[in-house]
Each structure stands twice: as structure tokens, then as C-alpha cells.
Protein chains: 2
Amino acid sequence: MKIAILGTGMVGRTLAERLAGLGHDVQIGTRSPQETMARTSPDPNMGTPGFATWHKDHANVKLVRFEEAARHGELVMNATAGRATIEILSGIGQEALAGKTLIDISNSLDFSKGMPPTLLVSNTDSLGEAVQRLLPKTRVVKTLNTVNAELMVRPASLAKGEHTLFLCGDDEGAKAQVRTLLCEGFGWTDVIDLGGMRAARGTEMYLPLWISLWGALKTPSFSIRVVR
Amino acid sequence: MKIAILGTGMVGRTLAERLAGLGHDVQIGTRSPQETMARTSPDPNMGTPGFATWHKDHANVKLVRFEEAARHGELVMNATAGRATIEILSGIGQEALAGKTLIDISNSLDFSKGMPPTLLVSNTDSLGEAVQRLLPKTRVVKTLNTVNAELMVRPASLAKGEHTLFLCGDDEGAKAQVRTLLCEGFGWTDVIDLGGMRAARGTEMYLPLWISLWGALKTPSFSIRVVR
């Protein structure tokens, strides 16, 4: 399947590597491929290796402009930083994304006021809802935003995969399509449908607890299992 | 131990019944004992039986005014509705609660704009922090606010108790005291200390996800296990 990943950070790279490994035709989108490829030293904030370093070992993933990636993808995954998501999707425009399923993984973390971050959007709105409003002809599904990148694509690497993922969105067909990718592609065994896109508020507002748990457990490699 | 429960709703009653059963000397506080005892028919919103009906079977729990309960308790548990918590604690006043440990279970759910509720306080503040600011001489511990009343006091009734509770607060001694009550009293086996009271933002902002899960699972009798 032709898949577009928007965003070249750790999440975008991890998704691209895993999906390409599953045999998908993956393109990864960025603002300026030239500038992204020029980054050979690690990110000063996150310590992530420069994209060019990563790309040497993943030359099967084509790096293109955001809009070109969006046109390539039958399925599009938004892995951009939450603070930039709306601007980037606005730049791509409705037409390139119309009729497609878009998996929104973004969280509206605001690091500008120090650590731990707060949220730019919360309580009475969510990024998932904002993305769906911006792209009314696109079938948006919110998922994967509650675990770290490695667990997103290899859930079985923790506790034999016995933990839970959430999804929500307004289109039942798109949710079924995404569920298949999550379960048959990545190996998730417990995916709970929370309902319409409004439920994205809940999964996005879970982030402050996730960040506290990261601090308490001294690792981001944890997840939650819904026990019922 | 002398324990005060503030609030006569389902949470307050469940805590009172369990703690009295464990041999504690429990008083339950309300605005007006006379008015509370006059309620013999079920609550029109929640369907909870009138307090007088419940009290017939729990006469060992004395019903008194909020302030009187607070003075009685060596340990105080706030089980009032989040929208009323600050007003009620202000009414009791700092002096009656000074030097005591107060367990804050409240959530700032706002049902006034319809279902599902939003939060009155979130993101850059929390009810737990507001309570601690209001009562600087009281050692506030936030916990129990992420599960329903029955699971708070009988965690082993679900999945052999293999699920997780969170606590946070600024006083290490008070957190150790509360942990003992939770584990040795109620039977919790996995209690994660999230750090200072600021972490209450995370557990309070988990509520919208909890409410979505209630809808998806058709029962409030679920919990989450932190898998690591």
C-alpha cells in the first residue's frame, strides 16, 4: 500500500521503517527535503540522530515535500509535532488529502513554558477534532498517541503485547481500516474504539499522566492495559 | 483511627462503610445533617438511594456538619463533588484541618454543559493543587480519583487486584501514611507515586478518557494496569 508519513522525527522514522519492512511503499514528508537532508548532527533538544544519518540505512523510504507525500499516500499518517500540525496540514491543503484516511498521532504538547509541558489544546477541544474540522473530506482517525514510538509499531516488545491502544473517529470504515493495520500489521491485540472524534480529548489529555509516569518509572517504555 | 469523610454521595458512603468495617471510627460530614437525613428517595440524577435509607444499615457512621467531621478526623478524606470542593473546604477553614493529612479524591467534572462533562480546572492547574494552596498547613495527598467507588475500597474485586492506583502530593510522610491505608487497608498492590502535587493535573485530566472508556465498555467497573 502507498503510505505517507508526515514528519521526520523519531515517530515518523519509526513508523516509516516498520511500514517499509512490512512491504508498504512509504514516502516521508517534510517542509524542505534539502534542509532535512542537510541535518547530519543530532537534534540539540531530543538527541535524535540527524535525518541524513538515519536515511543512509533506510534509502527505500523516499523523502519528499509534505504535499508530495500526501499525494503519494493512499493512507496518510500525521507524525508532526502537535504545535505545528494545523499549519502543516493547512499548507498541504484539503484537495491532496480528500477521500483519504489520515491517522492523527499528534499531541499538542507545549514545551515553551518549561518542563513538564502543558497542552496547547485541551478539555473543550482536541487536536484530533481540529484536524477533522480542517479536513472535512478526509477520514481522520486518532490513535497511537498514547505510547512511545517503539511501542506504537512493536507492541509485543512489552509484556507480550498485553496492553491497550485506543482509537476514535467519526468514520466507521476508516476506523476498521486502521484497526486492521494496527492489529495485523503492528501486532496490537487490544484496541478499544472510544467512539467519535470528540473522544480524542481523552487520549490527548492522558499525556500529562503519561509524562508523570515516565518520570516515576524512569523509562518511556511502558503502557497501560485496560483491565475489565 | 478517627477518620472524617466529607461528602455523602456514593463515594463518601462506600469509603465510610469500608473504613468502619476495618474498625475505624468514622464520621461523615455534610452541609446540613438534618437536610441530608430528610432525603429518603433516590437522587434524581444519579439514582443513588436517599442517605437516610443507606444510614439505616450503617448507623455506626455518625453524620455531622462538615466542620465537626473535620475536627473529629485525624485523617480527612474529601469525597465532595469537585465543583463544590473549594467552597466546602473554605467553609471548614484552615484551622480545623491544620496538621492533618487530607486525601483529596475530587474531580472537577462540569456537567452543566451536557454530557460528556468537561473539567472546570485542567492543564495549567488542578483541584489537588488548589486544595493544597487553600490549606497550606494541611498535608494533601491526591489519590483514588481514577477509579469508581467500589474499586477504590475493594481493588481485589477486579482481576485479582492486578491494576494500578496513583498518588501524588508534596509531603512524603503523608504519602507514606496514605499508601499504608491503601495497601494494608483496602488491598491495593500497585500504587505509583507520581511525585509532587502538580502531578494531580495528570490524574484529573485522565477523567475524560475514563468517561469514554465507561461508554465503550458499558460498565464503570474497569481500571488500568501500568505495564512496564
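Structure notes:
- Test: residue B:124 is open to solvent by 20 Å² or more (accessible area, probe 1.4 Å), among the polar types (S, T, N, Q) and modelled with pLDDT of 95 or more: yes
Quick grid of which residues meet (1) closer than 23 Å to residue B:217 by Cα; (2) at the interface with another protein chain (Cβ under 10 Å from one of its Cβ atoms); (3) touching a strand residue (DSSP E or B) at 6+ places or on another chain (Cβ under 8 Å); (4) surrounded by fewer than 18 Cβ atoms within 10 Å (Cβ to Cβ):
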| residue | (1), (2), (3), (4) |
| --- | --- |
| A:133 | no, no, no, yes |
| A:139 | no, no, yes, no |
| A:153 | no, no, no, no |
| A:156 | no, no, no, yes |
| A:176 | yes, no, no, yes |
| A:189 | yes, no, no, yes |
| A:204 | yes, yes, yes, no |
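- The helices (runs of 4 or more DSSP H) found entirely in the range B:13-89 that carry 1 or more residues being farther than 14 Å from residue B:102 by Cα and either open to solvent by less than 40 Å² (accessible area, probe 1.4 Å) or of a type in the set (Val, Ile, Thr) (or both) are B:33-38, B:51-56.
- The residues listed here are A:217, A:213, A:194; of these, the one that is farther than 20 Å from residue B:212 by Cβ, among the aliphatic types (A, V, I, L, M), free of Cβ contacts under 8 Å to residues at least 60 places away in the same chain and at the interface with chain B (Cβ under 7 Å from one of its Cβ atoms) is A:217.
- Those residues of the range B:116-131 which are within 14 Å of chain A (Cβ to nearest Cβ) and over 22 Å from residue B:15 (Cα atoms), in sequence order: B:116, B:117, B:118, B:119, B:120, B:121, B:122, B:123, B:124, B:125, B:126, B:129
- Candidates in the range A:90-110 are the residues that are in a loop (DSSP other than H, G, I, E, B) and touching a strand residue (DSSP E or B) at 6+ places or on another chain (Cβ under 9 Å); of these, the one that is nearest to residue A:140 (Cα to Cα) is A:100.
- Condition check for residue B:141: among the aliphatic types (A, V, I, L, M), farther than 24 Å from residue A:119 by Cβ, under 16 Å from the mean Cα position of the chain (by Cα) and modelled with pLDDT of 95 or more: yes
- All positions within the range B:141-151 that are in contact with a strand residue (DSSP E or B) (Cβ under 9 Å, 6 or more places away or on another chain) and not hydroxyl-bearing (Ser, Thr, Tyr): B:141, B:142, B:144, B:145, B:147, B:148, B:151
- Filter result (open to solvent by 30 Å² or more (accessible area, probe 1.4 Å) and in a helix (DSSP H, G or I)) within the range A:158-174: A:159, A:160, A:172, A:173
- Within the range B:106-121, being open to solvent by less than 20 Å² (accessible area, probe 1.4 Å) and in contact with a helix residue (DSSP H, G or I) (Cβ under 6 Å, 6 or more places away or on another chain) holds for B:106, B:108.
- Number of the exception - residue B:180 against (1) out of contact with any Lys or Arg (no Cβ under 9 Å at 6 or more places or on another chain); (2) part of a loop (DSSP other than H, G, I, E, B); (3) at pLDDT 95 or above: (2)
- Residue ID - farthest from the chain's Cα centre (by Cα), chosen from residues in the range B:183-228 that are more than 25 Å from residue A:123 (Cβ to Cβ) and part of a helix (DSSP H, G or I): B:184
- Odd one out for residue A:98 among (1) hydrophobic (A, V, I, L, M, F, W, C); (2) more than 15 Å from the chain's Cα centre (by Cα); (3) within 14 Å of chain B (Cβ to nearest Cβ): (3)
- Residue check, residue A:226 within 12 Å of chain B (Cβ to nearest Cβ), touching a Ser or Thr at 6+ places or on another chain (Cβ under 7 Å) and aliphatic (A, V, I, L, M): yes
The values are calculated or read from the model by the stated rules, or taken from the named source; none is laboratory data. Note that the structure is predicted; figures quoted are calculated from it, not measured. No Cβ is skipped: glycine too gets one built from the backbone with ideal geometry, and neighbour counts run over all protein chains shown. These area figures cover heavy atoms from the full protein model, side chains too; ligands, DNA and RNA do not enter into them. Shrake-Rupley method; radii C 1.70, N 1.55, O 1.52, S 1.80 Å.
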